[in-house]
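Worksheet: the structure to be examined is printed underneath.
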Amino acid sequence: MALIDGMSRLLIDGKLTPGGAGGFATVNPATEEVLGEAANADAADMDLAIDAARRAFDGTDWSTNTALRVRCVRQLRDALQGHVEELRELTIAEVGAPRMLTAGAQLEGPIADLGFAADTAERYEWTQDLGQAAPLGIPTRRSVVREAVGVVGAITPWNFPHQINLAKLGPALAAGNAIVLKPAPDTPWVAAVIGELIAEHTDIPPGVVNIVTSTDHALGAMLAKDPRVDMVSFTGSTATGRSVMADAAATVKKVFLELGGKSAFVVLDDADLAAACSVAGFSVCLHAGQGCAITTRLVVPRARYDEAVAIAAGTMGSIKPGDPTKPGTVCGPVISARQRDRVQSYLDLALAEGGEFACGGGRPADQPAGFFIEPTVIAGLTNEARVAREEIFGPVLTVIAHDGDDDAVRIANDSPYGLSATVYGADADRAAGVAARLRAGTVNVNGGVWYSADMPFGGYKQSGNGREMGVAGFEEYLETKAIATAAN
Ligand code: NAD
């Protein structure tokens, strides 16, 4: 790939540097071929990166020079857009993302969304004048100032890496922070290329952005523990999120978590069952089900359970997992052999729990290479089954019967997670009433789309805390200072 000299280097203190632990292979999940080497950072590299970020935040005007930041974030957007075709091929190759998704959330969407972060900083009311008052009888002029938190440690997963990397970088930078990004070891190049573009196409001062690729998960823990880091912004599994939170406790740093999900797709008894169940089946196949907010529990009226299963299986059975480079592919590979085996272990568990497959259930026979899993509908289980409670992160849909609206709400909310939900129903008021009762951070009613730069995204319960994107996502990266000046 021509772009990218920096793909095998770290970005530390404005310089593209090799990894202290050498290199590691990055693999195409659709073919199992090694694409090349990424820089493998060690603890000393991470220490330098944190130090550089600290010095950049404390020693430059980055946090107070809003015009510079707005310009730099737009430069980054433009640099990414200027290389979008090379990035598209890289994303398909390294992430296994189907080509069609790169027009949206897998690439072009998050690049464009950097513009929203810059615009938000530009028009933000950094100082709010609360006027004069006399608290405790003392005349006082009061204002509330919002300012950057400081050094942000950003830790990201592999499933939508551009979206997650850029939804942290954009707002954190626009808000005035310095950042150390530690991406997932499965998708190092798509992060490292950002470092290359920052170094060569933006005026972002040295140390403001540091990108540290590594196979060593402990470097993420370093960010959570280090007293020089003011905030950790983490996206990944709930188990790792707990560990990040515990590691951050010693320094009481701000912790922002976007975690897992087991979201429900609720079909009310007046809904168009065929349309609803087809949409549910299709959406769980997108990017092989590797989306935290994908609705993986289809909750349908008991009287029409068999019909619903057949419709979902008809849709999913017709979607053949395959080559993500092809324009028509919806379902590519999962990211790794480890992830494929994990999904397979859940399929085995579904049978052990008494479920049955209405379609799929294993690896596709026509794909000898690559980490592919057949789109699978699991039927015959209740919401108590582990496959209905635990995140599988593959193209797997579990169909569950409900006995009316109250029961559907109960089932949808009966989950440790609360990331997302969908409701389909013919009566708009009734569907809206059900949506209002769901304990989830985003709700799609009858096919509405919540994914957009100005819409906050995040989870209730064990799906995380805080919000990414929207003005709320920008404000996650701000502190609040109340200034009281004696008015005598
Ligand atoms: P993961 O939790 O295994 O890893 C995520 C990141 O954390 C990686 O960069 C990893 O190196 C790092 N890490 C691992 N152990 C660590 C530790 N002890 N301390 C600090 N960092 C550590 O997740 P994954 O398998 O890469 O990604 C899949 C998970 O991410 C799924 O659970 C999915 O639901 C979740 N996810 C959530 C969202 C969201 O916005 N809610 C978005 C995408 C993915």
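The values are calculated or read from the model by the stated rules, or taken from the named source; none is laboratory data. Computed from a prediction, not measured in an experiment: that's the story for all the values here. Cβ coordinates were reconstructed from backbone atoms using ideal geometry, including for glycine residues, and neighbour counts include every protein chain displayed. These area figures cover heavy atoms from the full protein model, side chains too; ligands, DNA and RNA do not enter into them. Shrake-Rupley method; radii C 1.70, N 1.55, O 1.52, S 1.80 Å.
Brief remarks follow.
- Charge tally for Ala313 (other residues, Cβ to Cβ under 15 Å; Lys, Arg +1; Asp, Glu -1): -2.
- Computed extension gain for Arg71 through Val145, at 0.36 nm per residue and net of the alpha carbon distance, reaches 24.4 nm.
- Ordering of 156-169, 122-135, 473-486, 371-384 by burial proxy (mean other Cβ atoms within 10 Å per residue, highest first): 156-169, 371-384, 473-486, 122-135
- Cα-Cα P(r), segment 187-270, percent of pairs per 5 Å interval: 3, 13, 17, 17, 17, 13, 8, 5, 3, 3, 2, 0
- Electrostatic dipole magnitude of segment 373-450 [Cβ: Lys, Arg +1; Asp, Glu -1; Cα centre; debye, to 20]: 200
- Label-point separation, Glu356 to Ala239 (7 Å along Cα→Cβ), nm: 3.2
- Theoretical ellipticity at 222 nm over the chain - DSSP helices of four or more residues, -39500 (n - 2.57) apiece, nearest 500: -11500 deg cm²/dmol
- Degrees, to the nearest 10: 161-174 long Cα axis against longest axis of the chain: 30
- The magnitude of the dipole of segment 264-445, with charges of +1 and -1 set on the Cβ of Lys/Arg and Asp/Glu and taken from the Cα centre, is near 640 debye.
- Relative contact order of segment 264-445, pairs being alpha-carbon contacts under 8 Å that are 6 or more residues apart, as %: 29
- Projecting the Cα atoms of Thr315, Val330, Ala388 onto the charge dipole of segment 264-445, computed from C-beta unit charges around the Cα centre, puts Val330 farthest toward the positive end.
- One chain, two ends: Asp348 and Gln132. Fully extended at 0.36 nm per residue, the span grows by 71.1 nm beyond their Cα-Cα distance.
- For the Cα trace of segment 264-445, dividing Rg by the Kirkwood Rh returns an Rg/Rh value of 0.96.
- Estimated distance in nm for a label pair at Asp58 and Glu200, the labels positioned 7 Å out from Cα along Cα-to-Cβ: 3.3
- nm² value of the averaged projected area, convex hull over the Cα atoms of the chain: 24.1
- Put simply, the amide H of Gly150, placed in the peptide plane, has neighbours under 5 Å in Ala178, leaving out anything fewer than 5 places away on its chain.
- Working from Cα pairs under 8 Å separated by at least six residues, relative contact order for segment 141-193 is 45 percent.
- Each residue of segment 217-230 was assigned a 3J(HN,Hα) from its phi angle through the Karplus expression (A = 6.51, B = -1.76, C = 1.60, θ = phi - 60°), giving 4, 4, 5, x, 4, 4, 4, 5, 8, 5, x, 6, 9, 8 Hz with x at Gly and Pro.
- Computed on the chain, with alpha-carbon pairs under 8 angstrom and 6+ residues apart, the relative contact order is 18 percent.
- Charge-dipole axis of the chain as Lys and Arg at +1 and Asp and Glu at -1 on Cβ define it, positive-most pick from Ala52, Leu478, Gly19: Leu478
- Student exercise, the chain dipole from Lys, Arg, Asp, Glu Cβ charges, in Debye to nearest 20: 920
- In range of the label at Asn488: residues from segment 114-151 whose backbone nitrogen is under 19 Å from the point 7 Å along Cα→Cβ: 132-142
- Other residues within the sphere of radius under 12 Å centred on the Cβ of Asp186, judged by their own Cβ, net out at 0 (K and R +1, D and E -1).
- Accessible area of Asp226 in the full protein assembly, 1.4 Å probe (Å², nearest 10): 20
- Spin-label model distance (nm) - Arg437 vs Arg123, 7 Å beyond Cα toward Cβ: 3.8
- Alpha carbon centroid spacing (whole Å) that separates segment 465-488 from segment 263-307: 39
- Signed unit charges on C-beta, dipole axis of the chain, positive-most listed residue Val434, Ala401, Phe372: Val434
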